[in-house]
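Heads up: the structure comes next, in structure tokens.
The values are calculated or read from the model by the stated rules, or taken from the named source; none is laboratory data. Just so you know, these numbers come straight off a predicted model, no measurement behind them. Counting neighbours? That spans all protein chains shown, and the Cβs are built from the backbone with ideal geometry, glycine included.
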Amino acid sequence: MSAKRPPRPKNLTSMKMLGKQLAAARRSAGYTQSELAALVKVDEETIASIEQGRRSLKPDLAALLDEVLQTKGMLSVGVANLPEIDQFPMWAELYMEHEREAIALSLYANQALPGLLQTRAYAEAVLRERIPAYAEEEIEARVAGRLERQEILNSRNPPTLSFVVWEPVLHMGLGGPAVQAEQLHHLHACAELSCLSLQFLPMTSRSHAGLDGPFVLLETPDHQHLAYIEGQRGSQWVSDADEVSRLARKYAMLRAQALSPLESRSLLDRLLGEQ
């Protein structure tokens, strides 16, 4: 008899929708978050977190809230029908929303190729390196989501895209020789897109402005400039103008230190010739 699998996390988009329903029901009943928390004997922060989609609503609390708010089982039904695969954490969903709408994106990568440039096989190979490991259905869902994001590359009005990638990423060989060869061909095709600039920071470079790790610069349709940093212990949005300016200057230095787009395509040609 196989061991029972632990429950998978709930989908955060659905959690946010359920949280909005709770907030609407609470306001309709005339309660503040503090008053409702006192009635159901939980902390005010618990109610606030559920309404904001940061915390899942448990079945027993949903039933109690249905009773207090007279919502006729609406919250209990919502909990019972939450999708079970959490494809992306909330910070990633927020990033992807900005990514879809951005008019300009600049990305520096030094660990793996950016998701916007990955083939299906390469993306799967990257996700299989995750510790603890993803379940097979989670890998499939995340690969599909990653490929869907790439639709902006061929949209009618694509953003202006700039990538600087540290050359060792090209030599890692994730997934094996066939995956690597396919990925190099894909990079060469991407480099030909008129909306995209692809540059590699060579291993022989004596200057390196990206030692602190990868980051993304983003310009929104209303010309707000943001930055995004992702690490092993979490992610960080940067909206402070001074901090964004520092990262923008760092990216400008990286572009100056990297091979030109033409030289970068020649590097891809050489690597493909070695396959």
What are the pairs, 6+ residues apart or on separate chains, where a residue within the stretch 104-122 that is under 18 Å from Leu217 (Cβ atoms) has its Cβ under 7 Å from a residue that is part of a helix (DSSP H, G or I) and aromatic (Phe, Trp, Tyr)?
-> Ser106/Tyr251; Tyr108/Tyr251; Leu113/Tyr122
When you scan the stretch 122-147, how many residues do you find that are more than 15 Å from the chain's Cα centre (by Cα) and surrounded by 18 or more Cβ atoms within 10 Å (Cβ to Cβ)?
-> 3
Just wondering, is there one or more residues in the stretch 29-43 that are at pLDDT 90 or above and closer than 30 Å to Ala144 by Cα?
-> no
For the stretch 250-275, name all the residues that are of a type in the set (Lys, Arg) and under 22 Å from Leu107 (Cα atoms).
-> Lys250, Arg255, Arg265
Just wondering, is there one or more residues in the stretch 189-206 that are under 22 Å from Leu117 (Cα atoms), within 25 Å of the chain's Cα centre (by Cα), in a helix (DSSP H, G or I) and in contact (Cβ under 8 Å) with a residue 40 or more places away in the chain?
-> yes
If the Cβ limit is 9 Å and pairs must be 6+ apart or interchain, which residue in the stretch 44-64 that is charged (D, E, K, R) pairs with which residue that is not in a helix (DSSP H, G or I)?
-> Glu44/Thr32; Glu45/Arg55
Evaluate the following for Leu217: is it within 17 Å of the chain's Cα centre (by Cα) and at pLDDT 95 or above?
-> yes
Restricted to the stretch 96-115 and to residues being at pLDDT 95 or above and touching a Phe, Trp or Tyr at 6+ places or on another chain (Cβ under 8 Å), the residue farthest from Val179 (Cα to Cα) is Ser106
Can you tell me which residues in the stretch 148-178 are part of a helix (DSSP H, G or I) and surrounded by 14 or more Cβ atoms within 10 Å (Cβ to Cβ)?
-> Arg149, Gln150, Ile152, Leu153, Glu167, Val169, Leu170
What are the residue pairs meeting all of these: first residue in the stretch 130-143, first residue more than 22 Å from Gly231 (Cα to Cα), second residue surrounded by 14 or more Cβ atoms within 10 Å (Cβ to Cβ), Cβ atoms under 7 Å, and 6 or more apart or on different chains?
-> Glu137/Ile85
Among what's in the stretch 195-216 and is under 11 Å from Met253 (Cβ atoms) and not polar (S, T, N, Q), pick the residue that is surrounded by the fewest Cβ atoms within 10 Å (Cβ to Cβ).
-> His208
Filtering the stretch 217-239 for residues that are among the acidic types (Asp, Glu) and surrounded by 14 or more Cβ atoms within 10 Å (Cβ to Cβ) leaves a count of 2
